[in-house]
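Chemist: Supplied in structure tokens, the structure appears directly below.
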Amino acid sequence: MINQFAVSVRKEADYAVVYTDGYVNNMGGEKIGEAAMALIAEDFKKLVINMEKSTVINSIGISILIEVIEKIQEIEGSLVFCGLTKTIAKTFTIMGLAQFAQIADDEPAAVALLS
């Protein structure tokens, strides 16, 4: 099975959205991390990671997301995850990601949390 993972970005005036599509493993996590770090380098301090097209994540993918959270905290920014499956949302809560990044049901709710 070939992992077909894609990431895309939408930039707004004061925030950006990273869209994921596929299994978030080491390769998928790295692509998310690269996209987020590039946005941070462009002075975006408010990010949404929309995972509605990613239904599975493994521990390596989560560890890379933790690195993104740490970087956002360093720059005193905000990160909101949205579009999570119930299983991923529960995993993020159990692993403590929800303590350092917010979780919203959908993208409009995530953007509202950034305000």
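Chemist: To make sure I understand the rule: partners must be lysines, Cα under 19 Å from the Cα of residue 71, and not fewer than 8 residues away in the same chain. Which ones qualify?
Modeler: 11, 31, 45, 46
Chemist: Cα to Cα, under 18 Å, and not fewer than 8 places away if on the same chain: which aspartates and glutamates meet these conditions relative to residue 86?
Modeler: Qualifying aspartates and glutamates at Cα under 18 Å: 21, 52, 105, 106, 107.
Chemist: Taking loop as defined by DSSP and a crowding limit of 10 other beta carbons within 10 Å, which GluC sites (Glu not before Pro) in the stretch 30-100 fit?
Modeler: Answer in residue order: 42, 76.
Chemist: Here's something else I'd like to know. Take 75, 32 and order them by how many other Cβ atoms sit within 10 Å, fewest up front.
Modeler: 75, 32
Chemist: Taking the number of other C-beta atoms within 10 Å as the exposure measure, put 59, 54 in order starting with the fewest.
Modeler: Least crowded to most crowded, the residues run 59, 54.
Chemist: Would you calculate, for the chain, the mean residue ellipticity at 222 nm contributed by helices, counting each DSSP H stretch of 4 or more residues as -39,500 (n - 2.57) and dividing by all residues, to the nearest 500?
Modeler: One gets -14000 deg cm²/dmol as the mean residue ellipticity at 222 nm.
Chemist: Computed from these coordinates, which is volume of the Cα convex hull per residue in Å³: [x] 128; [y] 88; [z] 110?
Modeler: Looking at volume of the Cα convex hull per residue in Å³ for this model, the match is [y].
Chemist: Return the single residue from 81, 100, 44 with maximal mean-square fluctuation; model: Gaussian network over the chain, springs between Cα atoms under 10 Å.
Modeler: 100
Chemist: Collect residues whose amide H, placed 1.01 Å from N in the peptide plane, falls under 5 Å from the amide H of residue 103; neighbours closer than 5 in sequence don't count.
Modeler: 81
Chemist: Mind telling me which of 95, 51, 37 comes out most flexible in a GNM of the chain, alpha-carbon contacts under 10 Å?
Modeler: The residue with the greatest mean-square fluctuation here is 95.
Every number here is computed from the coordinates shown, using simple stated rules; none is lab data. On a predicted model such as this, the values are computed, not experimentally measured, just so you know. Because the Cβ atoms are built from the backbone with ideal geometry, glycine has one as well, and the counts that use them run over all protein chains shown.
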